[in-house]
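Written below as structure tokens is the structure these notes are about.
All of the numbers you see were taken from the coordinates with simple rules; none came from a lab. Every value quoted in this text rests on a predicted model; they were computed, and no experiment measured them. Here the Cβ is made from the backbone with ideal geometry for all residues, glycine too, and neighbour counts use every protein chain on show.
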């Protein structure tokens, strides 16, 4: 299942990459599913659907997902102690209680959910949850960089630092339109364009954003690099292979 999850994440990255390439003239927007859409105005979105501002909640709590493993401890009834694996459908099976959906919940939320479930057969149970096996924080980098891929997010890392970790810009990179994609809620993912070229020229990284787990960075190609590699030369019967900057 871990391999399936990685494949799904890279499929999503490819889909987003295609969306960015199709919308570089107006790259800022929100990605929902596989499409890059215009960010709706407050008038178009109801209060319960509005997407949070980009960059909100810098240190979000980890949300459980399929294949994560947690240890459940009962202080006064240790016979109910157990190790639980989140199933592909997001459920765990609790001994003596049954199935409970936990995917997308944080540790405090799942603790309260399980306490409520066991409250039906135990008197005010005292429980503790410990993450045992879970996806480590990561970011994904793609596009015109040296080594596209998925990287472990260790410590406080900015976009420029992440690009360096991923091999830096290649010769075809458009430094002025680096796109940072971030999931801002369970239903919304937002893309923000960063002018890294200006940051480096000005020797100022004050606008360099700090990454969050799950962020995706895409570096588009420059317009020059999109010129066809082989150009027909009339009446000469040869192909010209121009140098690609």
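Once fully extended, how much extra length lies between residue 187 and residue 158, figured as 0.36 nm per residue of separation less the alpha-carbon to alpha-carbon distance? Could you put the intermediate results ahead of the total?
Values: separation 29, 0.36 × 29 = 10.44 nm, distance 2.43 nm.
Here the answer is 8.0 nm.
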Placing each pseudo-label 7 Å from Cα in the direction of the beta carbon, residue 85 and residue 112 end up separated by a distance in nanometres of 3.0
Order of 171, 215 from fewest to most other C-beta atoms within 10 Å? 171, 215
Residue order, fewest to most surrounding Cβ atoms within 10 angstrom, among 179, 196: 196, 179
In Å³ and rounded to a whole number, note down the convex hull volume per residue for the Cα atoms of the range 69-133. 75
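Could you calculate the contour length gain from residue 62 to residue 207, that is, 0.36 nm times the residue separation minus the distance between their Cα atoms, to one decimal place in nm?
Values: separation 145, 0.36 × 145 = 52.20 nm, distance 2.59 nm.
That pair, residue 62 and residue 207, stretches by 49.6 nm at full extension.
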According to a simple spin-label model (label point 7 Å from Cα along Cα-to-Cβ), what is the distance in nm between residue 131 and residue 200? 3.3
Cα-Cα pairs above 20 Å in the range 107-166: how many percent? 52
Distance in nm between label sites at residue 101 and residue 71, each 7 Å beyond Cα in the beta-carbon direction? 3.0
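Using the number of other C-beta atoms within 10 angstrom as an exposure proxy, rank 199, 216 with the fewest first. Could you put the intermediate results ahead of the total?
Numbers: 199 20, 216 23.
In order of increasing Cβ crowding within 10 Å: 199, 216.
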